[in-house]
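Okay, so here's the structure we're looking at.
The values are calculated or read from the model by the stated rules, or taken from the named source; none is laboratory data. What you see is a predicted model; the values in this text were computed from it and never measured. Here the Cβ positions follow ideal geometry from the backbone for every residue, glycine too, while neighbour counts run over all protein chains shown.
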Amino acid sequence: MSQPNPSTAQARAMVDEMMRHGVVHAMISPGSRSAALAIALEESGIDVDVVVDERSAAFRALGTSRATGSPVVCVSTSGTAGANFLPAVVEADLSSIPLIVLTADRPPELRDVGSNQTIDQVGMFGTKVRWFCDLGLATSDFDGNGYWRSAVSQALARAQGHGRAPGPVHLNVSFREPTVPVTDDGRVVGTAYGHSIEGRPDRAIWQRSTVAPRSGAPIPGAEGSRGLLVVGEDWGGGQGLIEESRRLGWPILATALSGLRGHEVVTSYHHLLVDGIPPGLTPEVVVVAGRIGPSDRLAALTGLDIPQVQIDRWGRWHDPRRHSSVLIEADLVASLRLVGAGCGDDWSSLWLDREARMRQALRNRVEADGVLTGPAVASAMSNLQWQSLIAASSMPIRDVDAHLVAPGRVFANRGASGIDGFNSTALGVAGSFQRSVAVSGDLSFLHDLSGLVGGGDVDLVLVVIDNNGGGLFDLLPTATHSPSYERLFVAPHGRDLVAIGAALGFATTRVGDVDELTGLTEQGLAAGGVRVLVAPVERVAELKQRSGLDEVARLVS
């Protein structure tokens, strides 16, 4: 079937091939040069969101991909538009999130001649993407169907882990006008495209790739030992980890991002390790899987003078302190099944008993203080029935990691740990769940206000901890060793966040205490839509509570 012009033909072939590979979500930022892609996506039936700000669009795609595990497409026009994808591409690279970045580009005759809205887009994301292809220009005399479809096949394969860990890919696509589905758009008269753009029969994909499942590998020093499993984000998933830990008698220290909260795991390690390993709890081997931030104390655990084994299904080098003595590319559960015998004593019970006592002591202290703080907000989230919780960088994810015990999916942009794009990421995640809560700092909220524009079509309660600036710096040496500390680092914004939320069209409330926060969050989850709750926090009171929690931890440990 003839197509009205080559640009439309190429876009339709590419989009059809994406659908055959299972792509169901796309984020489009409006633009003229990308019109062929935008129209083809809209025609296809793929779920399309239109987000004006490309940076926000990419982070929303990132959140959607995090929640679904499937590749999401981002489309931009030419020029600086695509450059705004970079922060989300960086996060996707470090967090192994499959993103398909499509940047529309000018045809060759408009490059390097001072043409409007034209920059050098070739390889613009450098090493941050798993694969890059500059597709060149579609012309009426070139039968490009196989080329376009095979490029899409390779992009989807690379994004999902063919050759290395999953991550972002970048296709740069030159379009010559007309970019709308006509031969004569009133400004430019093109030529029809007469070659076929049909895919393979029976909706088969053009090129199929297979990634073999990871098998197990022997764990040095594990046989008959008192082992400790430290499990973080993107550890590999799979069934049987809890069963294997019980069989071996090895306790699991599970970060909030591990997906293991709510099981029989240790969650209070940040406070259990306040002064190092408590007496009687020193392991004989430590096995680490996944990224294990944000607690520095948990990271310090891996510095013990005992065998340190890191297991990653993709062979990624998650060892910033260089403590691992062995790094294994293998499946965690399959590797544990190769260990014939565990320690055979009450080793795991010692850790779980200390966990129960520590968790109760921390909860009692937070409730006794009776003030709104980051730990209080995070602790309150354990009393609510949500399906997904998204935590911002800086203090929110640290408090969620230290105080959340409830089961549920927890998400955070911990690859690069930036505060940018948080609102967009939260909206992207929330689109896949019916009951979602996001916990943000005030600066994260303000940094991505544009991400909330047009974001009211999902269900999300956005809790904003407002301490009028960057409270994290109060815990760092900058607080005592920097001139102009408040201005340079805390950067007080002095803005009324309730007024800002209301101006964006969302029901926004300033909460007075933890009980009100809990009640309004539950109301928001039940009502649906986007609701903003601003929780004012006094930095001095919060610092006092954090110090008090460490004091409690020392008594229990």
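Observations on the structure shown:
- Residue check for Q360: without any contact (Cβ under 8 Å) to a residue 60 or more places away in the chain and over 25 Å from the mean Cα position of the chain (by Cα): yes
- Residue in region 429-437 that is touching a Ser or Thr at 6+ places or on another chain (Cβ under 9 Å), closer than 20 Å to L94 by Cβ and either of a type in the set (A, V, I, L, M, F, W, C) or in a loop (DSSP other than H, G, I, E, B) (or both) present: yes
- When region 1-51 is filtered for residues that are part of a loop (DSSP other than H, G, I, E, B) and out of contact with any strand residue (DSSP E or B) (no Cβ under 7 Å at 6 or more places or on another chain), the ones remaining, listed by number, are M1, P4, H21, G22, S32, G45.
- Test for G293: is it within 17 Å of D550 (Cα to Cα), in contact (Cβ under 8 Å) with a residue 60 or more places away in the chain, under 22 Å from the mean Cα position of the chain (by Cα) and buried (at least 19 other Cβ atoms within 10 Å of the Cβ): no
- Listing of helices (runs of 4 or more DSSP H) fully contained in region 477-557 that carry 3 or more residues being touching a residue at least 60 places away in the same chain (Cβ under 8 Å): 514-527, 539-556
To keep it simple, each residue is scored yes or no on (1) more than 30 Å from D353 (Cα to Cα); (2) of a type outside the set (A, V, I, L, M, F, W, C).
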{"residue": "G470", "(1), (2)": "yes, yes"}
{"residue": "F489", "(1), (2)": "yes, no"}
{"residue": "G494", "(1), (2)": "yes, yes"}
{"residue": "V511", "(1), (2)": "yes, no"}
{"residue": "D515", "(1), (2)": "no, yes"}
{"residue": "L555", "(1), (2)": "no, no"}
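- Just one residue in the set V75, V90 is farther than 26 Å from A391 by Cβ, under 21 Å from the mean Cα position of the chain (by Cα) and not in a loop (DSSP other than H, G, I, E, B); that residue is V75.
- Among the residues making up region 307-322, a single one is more than 24 Å from the chain's Cα centre (by Cα) and either closer than 19 Å to G259 by Cα or surrounded by fewer than 18 Cβ atoms within 10 Å (Cβ to Cβ) (or both): R322.
- Some residue of region 195-203 being in a loop (DSSP other than H, G, I, E, B), touching a strand residue (DSSP E or B) at 6+ places or on another chain (Cβ under 7 Å) and not polar (S, T, N, Q): yes
- Boolean, L475 is crowded, with 19+ Cβ neighbours inside 10 Å and hydrophobic (A, V, I, L, M, F, W, C): no
- All told, S56 meets the bar of being under 30 Å from A412 (Cβ atoms) and in a helix (DSSP H, G or I).
- No other residue among G505, G494 is in contact with a Gly (Cβ under 8 Å, 6 or more places away or on another chain) and on the phi > 0 side of the Ramachandran plot apart from G505.
- Residue ID - nearest to A104 (Cα to Cα), chosen from residues in region 164-178 that are touching a strand residue (DSSP E or B) at 6+ places or on another chain (Cβ under 8 Å) and assigned to a loop (DSSP other than H, G, I, E, B): F175
- Applying the condition of being more than 25 Å from the chain's Cα centre (by Cα) and farther than 21 Å from P201 by Cα to region 39-61 and asking which residue is surrounded by the fewest Cβ atoms within 10 Å (Cβ to Cβ) yields E42.
- Qualifying positions in region 93-102 - within 16 Å of A26 (Cα to Cα) and either part of a loop (DSSP other than H, G, I, E, B) or touching a Ser or Thr at 6+ places or on another chain (Cβ under 9 Å) (or both): I97, P98, L99, V101, L102
- Matching option when the condition is surrounded by 20 or more Cβ atoms within 10 Å (Cβ to Cβ), free of Cβ contacts under 8 Å to residues at least 40 places away in the same chain and more than 24 Å from L110 (Cβ to Cβ), among R158, R149: R158
- Sole residue being over 30 Å from A361 (Cα atoms) and not hydroxyl-bearing (S, T, Y), chosen from G512, G548, G470, G494: G494
- The residues of region 452-472 that are charged (D, E, K, R), assigned to a loop (DSSP other than H, G, I, E, B) and surrounded by 14 or more Cβ atoms within 10 Å (Cβ to Cβ) amount to a single one, D459.
- Taking every residue in region 27-52 that is under 22 Å from R176 (Cα atoms) and in contact (Cβ under 8 Å) with a residue 12 or more places away in the chain and pairing it with any residue that is acidic (D, E) and in a loop (DSSP other than H, G, I, E, B), at least 6 positions away or on another chain, the pairs with Cβ-Cβ distances below 8 Å are S29/D53.
- Residue selected from region 287-327 under the condition farther than 29 Å from L476 by Cα, among the hydrophobic types (A, V, I, L, M, F, W, C) and out of contact with any helix residue (DSSP H, G or I) (no Cβ under 6 Å at 6 or more places or on another chain), by the criterion modelled with the lowest pLDDT: I306
- Yes/no for A88 being buried (at least 24 other Cβ atoms within 10 Å of the Cβ) and farther than 30 Å from P320 by Cβ: no
- For the residues S335, S348, the requirement of being crowded, with 21+ Cβ neighbours inside 10 Å and within 15 Å of L281 (Cα to Cα) singles out S348.
Let's see how each residue does on (1) modelled with pLDDT under 95; (2) of a type in the set (V, I, T):
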position	(1), (2)
P168	no, no
V189	yes, yes
V231	no, yes
G238	yes, no
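- M27 vs. criteria out of contact with any helix residue (DSSP H, G or I) (no Cβ under 9 Å at 6 or more places or on another chain) and either outside the structural domain of V458 (by TED's automatic domain parsing) or buried (at least 22 other Cβ atoms within 10 Å of the Cβ) (or both): no
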